[in-house]
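Have a look at the structure below before the remarks.
The values are calculated or read from the model by the stated rules, or taken from the named source; none is laboratory data. All values derive from a computational prediction rather than experimental measurement. Reconstructed Cβ throughout: ideal geometry from the backbone, glycine too, with neighbour counts over all protein chains shown. These area figures cover heavy atoms from the full protein model, side chains too; ligands, DNA and RNA do not enter into them. Shrake-Rupley method; radii C 1.70, N 1.55, O 1.52, S 1.80 Å.
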Amino acid sequence: CSTDSPNQRWVQSCCPRNIPEKLKEAFRGKYGQMPQFFACAPGRVNLIGEHIDYCGYAVLPMAIEQNILAAVSVSDSKTIQLANTEPKYKDFTVSADGIFIDRENPQWHYFFLCGVRGIQEHLSLSSLAGMCCMVDGTIPASSGLSSSSALVCCAGLVTMEANQKHLSKVTLAETCAKCERYIGTEGGGMDQSISFLAEEGTAKLIEFNPLRATDVRLPDGAVFVIANCCVEMNKAASSHFNMRVVECRIATKMLAKARGLDWSHLLKLGDLQKELQVSLEQMLELVEEVLHPEPYSRDEICKTLGISTEQLCEDILSANTQHATDFKLYQRARHVYSEAAHVLQFKAACDSSPANAVAQLGDLMNRSHASCRDLYECSCPELDQLVDICLQAGAVGSRLTGAGWGGCTVSMVPGERLDSFLQTVREHYYVPDARRSALEKQSLFVTRPGRGAAIFIEG
């Protein structure tokens, strides 16, 4: 398990291995000085366990080499100045005492300010240090590799260091998970947890309440390959993600009501299982018994729970799901309970290392993707096409990773098939399409478990 002293020093001399010269030069060109320190936070690939962290269930991600990196100097200007090495992300300046986050306009700087505000509120800082920041990144945006959460985590780390405070990795992860909700995303904490708790060379089983991370040794003889389908989906800019959160919340209440529980305080499918003290298999049986596959209307939900439409809107729906009229409760609950079982089976296979471990893990990944596609409906035609190509190219398992509706797949590929796998995926998915072909170098790559977030001071 990963635990820390609250007074642990974050400063390292090894992360990242090389500060890009373009970041240093961009900082000096913008602010007329050299940065005092750097902060980095990695992206992640979730190997299995999609859309279940916010339901209270364990997930199994690993950090990747691609990261968000910020160069920073502290000033007495009482302003926070943000700039980006990528010209399409515009400069932004805000008073350190007047941070405002516009959830209707999820621009890059508001994600950064989520991290700033979260640390400020956690530490009850009445006044923040002024900062000059230049941000760089190698995580493709809206790719399902957690670029936005890595930006929030990087900003939280920057704010802690600039204000000369020290928090544990666990506390930072929990704080950054909560503060992403300032921009309207009701996530569960996986992305922030792996960004801070990752260790090089190992994946992690991330569990919640309390937050803890356990090493998971991946089997020898296979590698993980990430492939971007080149369809972007910003989960803060659409209601798809929060709609799934809401459907799981309603399913929790409907199942609890059927079992005679006080459903009003229950929000997560995982909490319901704990309350009932039954197995995941029994929860799946309960779903079959209580919920019907046809979509539920607002009226049916309100009638079953004995609430008004106004109570549904105010107490259960999120701000960007107020328009929703139909809710697929059966499908969402089936996915969550089956996917939670997939995670435990995946870890068990890694721990026991049977002779056919690679085949077992591949099968679990394939079942996970089918559930994401058919029950949770968070895939898209391009992701499904890419998964099929990856399997035909020699992967033993392939699935979407991240929120979905675009972004990346992760495939488990036997080492001896890697070269032919990469060539086949290039030829069948990227080369035939001019736009994908132009993005291929940054869209198809082998990944290994990377290190977690850190402060870095040169020299």
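Hey, what's region 389-432 come to in accessible area per residue, 1.4 Å probe, Å²? Show your work: numbers first, answer last.
Details: 1500 Å² over 44 residues.
Value for region 389-432: 34 Å² per residue.
On the protein heavy atoms, probe 1.4 angstrom, tell me the percent of accessible surface of region 81-132 carried by carbon and sulfur. Mind dumping the intermediate values first?
On the way: 1100 of 2460 Å².
Ligands and nucleic acids excluded, carbon and sulfur give 45 percent.
With a/c under 1.5 counting as rounded, go ahead and sort region 322-459 into rounded, prolate or oblate using the C-alpha gyration tensor (a ≥ b ≥ c being the square roots of the eigenvalues; past the cut-off, prolate if a/b is larger than b/c, else oblate).
It comes out rounded by the Cα gyration axes.
Going by the alpha-carbon gyration tensor, a ≥ b ≥ c the square roots of its eigenvalues, is the chain rounded (a/c under 1.5) or, if a/c is not under 1.5, prolate (a/b greater than b/c) versus oblate?
Taking the square roots of the gyration eigenvalues as a ≥ b ≥ c, the chain is oblate.
Between VAL216 and residues 5 or more places away or on another chain, which pairs have amide H atoms under 5 Å apart, with H built 1.01 Å from N, and which residues are they?
HN-HN under 5 Å from VAL216: ALA203, LYS204, LEU205.
How many angstrom lie between the Cα centre of region 300-326 and the Cα centre of region 50-85?
Using only Cα atoms, the two centres lie 33 Å from each other.
From the backbone phi of region 287-303, what are the Karplus-calculated ³J(HN,Hα) couplings (6.51 cos²θ - 1.76 cosθ + 1.60, θ = phi - 60°) in whole Hz, Gly and Pro given as x?
For region 287-303, the Karplus curve yields 4, 4, 6, 9, 9, 9, x, 5, x, 8, 8, 4, 4, 5, 5, 5, 5 Hz.
Mind scanning LYS88/LYS204; LYS178/LYS253; LYS88/LYS178 and naming the pairs with a C-alpha gap bigger than 25 Å?
From LYS88/LYS204; LYS178/LYS253; LYS88/LYS178, over 25 Å: LYS88/LYS204; LYS88/LYS178.
Could you sort 422-430, 200-208 so that the peptide with the highest average Cβ count within 10 Å comes first and the rest follow in order?
Result, highest mean first: 200-208, 422-430.
For GLY397, list long-range residues whose amide hydrogen, built 1.01 Å from N in the peptide plane, is under 5 Å from its own amide hydrogen.
When sequence neighbours closer than 5 places are left aside, the close amide H contacts are MET412.
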